[in-house]
1. List, in order, the whole-Hz ³J(HN,Hα) value for each residue of the range 155-170 obtained from phi through the Karplus relation with A = 6.51, B = -1.76, C = 1.60 and θ = phi - 60°; use x for Gly and Pro.
2. Take the chain, connect every pair of alpha-carbon atoms lying under 10 Å apart with a spring to form a Gaussian network, then pick out the residue of 331, 188, 238 with the largest mean-square fluctuation.
3. For residue 307 and residue 183, compute 0.36 nm times the residue count separating them, minus their Cα-Cα distance, and round to one decimal in nm.
4. Let me have the relative contact order for the range 1-99, percent, based on Cα pairs under 8 Å that are six or more residues apart.
5. Could you give the length gained by full extension between residue 161 and residue 204, i.e. 0.36 nm per residue of separation minus their alpha carbon distance, to one decimal place?
6. Once the Cβ-Cβ distance between residue 175 and residue 29 is put in as r, and R0 is 51 Å, what FRET efficiency do you end up with, to the nearest 0.05?
7. For the range 179-246, just say rounded, prolate or oblate: build the C-alpha gyration tensor, square-root its eigenvalues into a ≥ b ≥ c, call rounded for a/c under 1.5, and beyond that prolate if a/b exceeds b/c, oblate if not.
8. Hey, what did the chain get for relative contact order, percent, Cα under 8 Å, at least 6 apart?
Amino acid sequence: MSAQDTPAPAEPASSYRAQAFADSKPELSAPGATPERLAHLEEHGFVIITDFVGNPWIDILREAGRRVTEACAPENGYDRIDYSRGYVHRAKGDEPWAIRGLVHPAFGEPSFAEFHGSDDFLGFVDSWCVDGLKPDEMTMGNLLLWCNPRKRENQLSWHRDVTWWGTGKPYFSQHEVRGDSVEDYSEEVERARWEEIRADNVKSLTERNGVSMFLALAHDECHELIPGSHDRWRTPFEHDVLLPQKMKDAGVPHTPSWNGEDPLPGQVAIRLKPGEALIRNGTTIHTGRTVPDRERNTLSIGWSRWSGPLDEEPSTADARHAWQLDPAVREAMPHDWMKVAWDRWAETKKLGETLEDRYAGWDIQKIKAGDVVGWRTELEKQAAAAGDSWEAFQTVEE
């Protein structure tokens, strides 16, 4: 492995939009899971690490990320990358803002899998986890690349990465049913869920059976959050921000207080230099925001400890991860232990039987326009032949 002879990206001359920032701190520069870093993560819900600054992998991954982002531009179709073998999130104008499938051989960028299994990355993972975490203890995780649309500003809604209402059932992209009644969003139910969330937060930090990070390959100040919001009850203002409009319309009691545009009290933008990484608690109230002409090239990557075989039947994979079931992904892994990690994950999942179970909306449109892409099974062939008459969640006709 050798670094590409390319200069590091220049630091932007001005901030892109935000008014307050969180930067790396010299007192948190010691590598691994130091007491100081863990204390910062516990108190603020995030910590910025500097362990990969100057690492030669950053140059290699940056160029790979740029190639993938460019290839996924809507005008390229599937000409450069068959990203129907992955899952691309698209904003207005069909511009990509997050790209999954990086380790699929169809993407032609083996450096992502190589870094995922590299001594450099594994060394950090091992240093972060309680009692360490070795390759033979791992189960396959996910990688994705955060990028930014080239023509329009793009912002996600403010949210937590956990279901703070109803039963707390995790997000499932093709069938999002996590509670849709007024009772599911009552304060009584919400407070009960909050106690469960806080208990999970403590367990996650003290056990540390894995680690996931946002590793900046270029300067990044697109991730915004409210420090400390992972460990306190939301304010009435934040409730108005987080509550879905359809639930407001349904009559969930709330205090209208946000115009949908103004900054939130206490929000900061996480400012990362190449090689710096954000480790955060997903319970923080956060968002992502990008603007044209300001590169975002950040890798979301991590490993988790395998908890052992499951007694349950395999469940249908979330559509965002269905591509990973392709055996070609397993064969593309650069180490045998990574293939074992893939096996452990794949044993718990099965491929869904509808287009919505397998693809992003862009790919579904292409299939219904006549392209037999993706898994290229009878499902895709019948849907391509049927065109617009193929209905949502329709299955193969025998």
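1. Those phi angles translate into 9, 7, 6, 5, 7, 10, 7, 10, 7, 8, 10, x, 7, x, 4, x Hz.
2. Among 331, 188, 238, the largest GNM mean-square fluctuation belongs to 188.
3. Roughly 41.2 nm would be gained on extension.
4. 20 percent
5. Length gained, residue 161 through residue 204: 14.1 nm.
6. The pair residue 175/residue 29 has a calculated efficiency of 0.70.
7. In terms of gyration-tensor shape, oblate.
8. That works out to 23 percent.
Just so you know, all these numbers are worked out from the coordinates, no wet-lab data involved. Model, not experiment: these values are computed from the prediction. A quick note on method: Cβ atoms are made from the backbone with ideal geometry, for glycine too, and the neighbour counts reach across all protein chains shown.
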